[in-house]
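Here's the structure we're looking at; comments come further down.
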Amino acid sequence: MPAAITDAPAVLRAEGVSKRFVIRKDKSLKERMVNFGRSNKHKDDFWALDNVDLEVAAGSSVGLLGANGSGKSTLLKVIGGIIQPTTGYVERRGRIAALLELGAGFHPDLTGRDNVYLNGAILGLSKRQIAASFDAIVDFAEIGEFIDTQVKFYSSGMYVRLAFAIAVHVDPDILLVDEVLAVGDEKFQAKCLAKVADFQREGRTIVFVSHSAEQVNRVCDSAIVLSHGKVIYRGDTKDAIAALRKSF
Amino acid sequence: MSTSAQERADRLRSLSFERTDARQRGFFRGFGHAVVEVFGQRELLNLLVRRELKAKYKDSTLGFIWTLVRPLTMLLIYFVFIGQILGAAHNVPNFAIFVYTGLTLWGLYSEVLISGTSSVIANAGLIRKVYLPREIFPLAATGSALINFAIQFGILLLAVLVTGQFRVSWDLFYVPAGALLALVWAVAFAVLFSSLNVYLRDIQYLVEVGMQILFWCSPIVYSWAQVVQTAKDHGVLWLAEVYLLNPISLAVLGFQRGMWAAGSETTQLGVNTIPPQPWPAHMALDMLIAIAVGLIFLAIAQRVFARLQGNFAQEI
């Protein structure tokens, strides 16, 4: 459970965030020429987020729950700055790390060592910081001597373990997590959850997207339930899970 | 690494909020912000360039030597077939140096443009999952093109020295000016096209075709004197001026003026007496203006990029 902080400041604020996706059915020049003038027929609007407000205090762990297509991953991406909202804005402070996919940016032809440096830099670490925690990363990932092997020869378990190990050594103030805690074998999962508990003790803020109500219940102190892009519940995790069940 | 929770909260309280949306900024502030942001990521940029270079020829026996094979093959083709068989070399002194000078600069221009244009799509995995200043991808493509260029330029310099064609003169300043001119325009186009390419994938193919046309629209295989002569013969001398409006033509001319000393001298080629190249009258000024215009174009391209990048993650 998160550390007790007196008078915790907000680190994340979303105001009236909406996101419209335009689904275009014609992508190539030929199709656009052929469909020119009728182009509105070839567009579909879809509101993935509809006027979402949000405030997250430092040191809290918030779960985002919702059915498939409810907009929770989109919200996480908007918070991470990966996509821009159509209206509204997101404000944040502190170092943010988005773990939307483990090993995004891994290059299969490079060795584990090269990829640690590359991926660390992608997540915002300087070369010196990576060098300082390099041994800890290799240790945590349990990669051992394979660190100088190209990652295309890694087993899928080794691949995600290395990626996760880099991610947790980034030292973020805000951590955005999308369904990535379910990696590796049971022993490694336990290690991951222990690391998350460490993060909470250190007062880091976690925004956690998951399908698993059980996982959210274990990790988060509050939750937000989305349905069709709207917030339908926010507050206590237990009630959130009940609200989620009702929304299906 | 482990700050106590209360300390962290107090530190965060003292920070001011930052908005993720950069579209609201004005033209100059937006461009300045992007430059600062990319500069802050120079270590990552460096790693991305190294990644491109390392991964490109990984597992091949000759490795990096392949970088040289392509331009040298091109040199051979143009020298033997265009130069000797089609006879272009009869009117251009020191044809090998001449062609290789043009090819070297053209190689930089086309590699930045072509690999830059597809760079955003090529890094789709990263763009969908991580926030980075996305300008970094065309710039990383530029970085690896610059390293290839440096190697080719080294060979050119060596060839010029070995053949005794090196002249110390003010004309040497045209070399960095030509390279800078080509680079500024290439980066500007790469930034612009890489963002448009996300929405309209045809751009990358159009660029490839366009570059082939542009290659023959630049004085690489034939000399500037031949362009002027042909325009004069047809009574359309103003077309030569139009020809120079193409920034890469001007850049290639500058590069040749610095590296290809035979072009500035009267030479005897068999029965032909070749006068020096009729270099444009205000070439230095023209090049400075072209660089300045290129920088403005780069700023505009970056603003277009910034506009379009908001939806990269979902369109890609």
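The values are calculated or read from the model by the stated rules, or taken from the named source; none is laboratory data. Quick caveat, the model's predicted, so the values are computed rather than measured. Every residue, glycine as well, gets a Cβ built from its backbone with ideal geometry; the counts of neighbours run over all protein chains shown.
Consider region B:118-168. How many of its residues are aromatic (Phe, Trp, Tyr) and closer than 19 Å to residue B:203 by Cα?
Residues meeting the conditions: 1.
One line per residue, one yes/no per condition, for (1) surrounded by 18 or more Cβ atoms within 10 Å (Cβ to Cβ); (2) over 18 Å from the mean Cα position of the chain (by Cα):
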{"residue": "B:252", "(1), (2)": "yes, no"}
{"residue": "B:256", "(1), (2)": "yes, no"}
{"residue": "B:269", "(1), (2)": "no, yes"}
{"residue": "B:277", "(1), (2)": "yes, yes"}
{"residue": "B:282", "(1), (2)": "no, yes"}
{"residue": "B:285", "(1), (2)": "no, yes"}
{"residue": "B:288", "(1), (2)": "no, no"}
{"residue": "B:306", "(1), (2)": "yes, yes"}
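For (1) under 27 Å from residue A:218 (Cβ atoms); (2) at the interface with another protein chain (Cβ under 9 Å from one of its Cβ atoms); (3) in contact with a strand residue (DSSP E or B) (Cβ under 6 Å, 6 or more places away or on another chain); (4) of a type outside the set (S, T, N, Q), each residue gets a yes or a no:
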{"site": "A:62", "(1), (2), (3), (4)": "yes, no, yes, yes"}
{"site": "A:69", "(1), (2), (3), (4)": "yes, no, no, yes"}
{"site": "A:79", "(1), (2), (3), (4)": "yes, yes, yes, yes"}
{"site": "A:89", "(1), (2), (3), (4)": "no, yes, yes, yes"}
{"site": "A:112", "(1), (2), (3), (4)": "no, no, no, yes"}
{"site": "A:123", "(1), (2), (3), (4)": "yes, yes, yes, yes"}
{"site": "A:126", "(1), (2), (3), (4)": "no, yes, no, no"}
{"site": "A:134", "(1), (2), (3), (4)": "no, no, no, yes"}
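Condition test on residue B:10, is it within 14 Å of chain A (Cβ to nearest Cβ) and farther than 30 Å from residue B:133 by Cβ?
Taking the combined requirement at face value, the residue does not satisfy it.
Check residue B:81 against each of (1) within 30 Å of residue A:98 (Cα to Cα); (2) loosely packed, with under 15 Cβ neighbours inside 10 Å and name the one condition it does not meet.
Every listed condition holds for residue B:81 apart from (1).
To keep it simple, each residue is scored yes or no on (1) at pLDDT 85 or above; (2) in contact with a strand residue (DSSP E or B) (Cβ under 9 Å, 6 or more places away or on another chain); (3) over 28 Å from residue A:105 (Cα atoms).
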residue: B:1; (1), (2), (3): no, no, no
residue: B:10; (1), (2), (3): yes, no, yes
residue: B:20; (1), (2), (3): no, yes, no
residue: B:24; (1), (2), (3): no, yes, yes
residue: B:34; (1), (2), (3): yes, no, no
residue: B:51; (1), (2), (3): yes, no, no
residue: B:60; (1), (2), (3): no, no, no
residue: B:72; (1), (2), (3): yes, no, yes
residue: B:97; (1), (2), (3): yes, no, yes
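Checking residue A:188 against (1) under 27 Å from residue A:94 (Cα atoms); (2) away from chain B (no Cβ under 14 Å); (3) in contact (Cβ under 8 Å) with a residue 24 or more places away in the chain, only one condition comes out false. Which one?
Failing condition for residue A:188: (1).
Looking only at region A:99-109, decide whether some residue is more than 10 Å from chain B (Cβ to nearest Cβ) and farther than 22 Å from residue A:73 by Cα. Write out each step before concluding.
Applying the first criterion (more than 10 Å from chain B (Cβ to nearest Cβ)) to region A:99-109 yields none.
Checked region A:99-109: no residue is more than 10 Å from chain B (Cβ to nearest Cβ) and farther than 22 Å from residue A:73 by Cα.
Quick test for you: out of B:164, B:154, pick the one residue that is in a helix (DSSP H, G or I), among the small types (Gly, Ala, Ser) and at pLDDT below 95.
After applying the criteria, what remains is B:154.
May I ask you to say which residue of B:27, B:31, B:39 is in contact (Cβ under 8 Å) with a residue 24 or more places away in the chain and exposed (fewer than 14 other Cβ atoms within 10 Å of the Cβ)?
Details: B:31 fails: exposed (fewer than 14 other Cβ atoms within 10 Å of the Cβ); B:39 fails: in contact (Cβ under 8 Å) with a residue 24 or more places away in the chain.
None of the other options fit; the residue is B:27.
Could you tell me whether residue B:182 is farther than 30 Å from residue B:82 by Cα and buried (at least 16 other Cβ atoms within 10 Å of the Cβ)?
no
Can you list the strands (runs of 3 or more DSSP E) lying wholly within region A:191-248 that have 1 or more residues being without any contact (Cβ under 8 Å) to a residue 60 or more places away in the chain?
Filter on region A:191-248 gives A:230-235.
What's the number of the condition residue B:314 fails, among (1) part of a helix (DSSP H, G or I); (2) touching a Phe, Trp or Tyr at 6+ places or on another chain (Cβ under 7 Å); (3) farther than 30 Å from residue A:98 by Cβ?
Failed condition: (3).
Given (1) facing chain A (nearest Cβ under 7 Å); (2) touching a helix residue (DSSP H, G or I) at 6+ places or on another chain (Cβ under 8 Å); (3) more than 29 Å from residue B:107 (Cα to Cα), where does residue B:51 come up short, assuming only one miss?
Of (1) facing chain A (nearest Cβ under 7 Å); (2) touching a helix residue (DSSP H, G or I) at 6+ places or on another chain (Cβ under 8 Å); (3) more than 29 Å from residue B:107 (Cα to Cα), only one is false for residue B:51: (3).
Any residue in region A:200-207 that is among the acidic types (Asp, Glu) and within 24 Å of residue A:54 (Cβ to Cβ)?
Yes, region A:200-207 has at least one match.
When the residues of region A:136-174 are filtered to those that are in a loop (DSSP other than H, G, I, E, B) and more than 25 Å from residue A:60 (Cα to Cα), which remaining residue is nearest to the other protein chains (Cβ to nearest Cβ)?
Within region A:136-174, the subset in a loop (DSSP other than H, G, I, E, B) is A:142-143, A:149, A:154-155, A:169-173.
Keeping just the survivors that are more than 25 Å from residue A:60 (Cα to Cα) gives A:142-143, A:149, A:154-155.
Values: A:142: 20, A:143: 20, A:149: 13, A:154: 16, A:155: 20 Å.
Of everything passing the filter in region A:136-174, A:149 is nearest to the other protein chains (Cβ to nearest Cβ).
Residue-by-condition table, conditions (1) in contact with a strand residue (DSSP E or B) (Cβ under 8 Å, 6 or more places away or on another chain); (2) more than 29 Å from residue A:241 (Cβ to Cβ); (3) crowded, with 17+ Cβ neighbours inside 10 Å; (4) modelled with pLDDT under 90:
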{"site": "A:4", "(1), (2), (3), (4)": "no, no, no, yes"}
{"site": "A:9", "(1), (2), (3), (4)": "yes, no, yes, yes"}
{"site": "A:17", "(1), (2), (3), (4)": "yes, no, yes, no"}
{"site": "A:20", "(1), (2), (3), (4)": "yes, yes, no, yes"}
{"site": "A:28", "(1), (2), (3), (4)": "no, yes, no, yes"}
{"site": "A:49", "(1), (2), (3), (4)": "yes, no, yes, no"}
{"site": "A:86", "(1), (2), (3), (4)": "yes, yes, yes, yes"}
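Report whether or not residue A:235 is more than 14 Å from every other protein chain (Cβ to nearest Cβ) and either at positive phi or surrounded by fewer than 21 Cβ atoms within 10 Å (Cβ to Cβ) (or both).
Criteria met by residue A:235.
Evaluate the following for residue B:61: is it more than 7 Å from chain A (Cβ to nearest Cβ), hydroxyl-bearing (Ser, Thr, Tyr) and more than 28 Å from residue B:106 (Cβ to Cβ)?
For residue B:61, the condition - more than 7 Å from chain A (Cβ to nearest Cβ), hydroxyl-bearing (Ser, Thr, Tyr) and more than 28 Å from residue B:106 (Cβ to Cβ) - is met.
Give the residues of region B:190-244 that are among the hydroxyl-bearing types (Ser, Thr, Tyr), part of a helix (DSSP H, G or I) and touching a residue at least 60 places away in the same chain (Cβ under 8 Å), sorted by residue number.
Of everything in region B:190-244, those that are among the hydroxyl-bearing types (Ser, Thr, Tyr), part of a helix (DSSP H, G or I) and touching a residue at least 60 places away in the same chain (Cβ under 8 Å) turn out to be B:194, B:195, B:199.
Scan region B:116-160 for residues that are within 20 Å of residue A:125 (Cβ to Cβ) and surrounded by fewer than 17 Cβ atoms within 10 Å (Cβ to Cβ) and report the count.
Of the residues in region B:116-160, 1 are within 20 Å of residue A:125 (Cβ to Cβ) and surrounded by fewer than 17 Cβ atoms within 10 Å (Cβ to Cβ).
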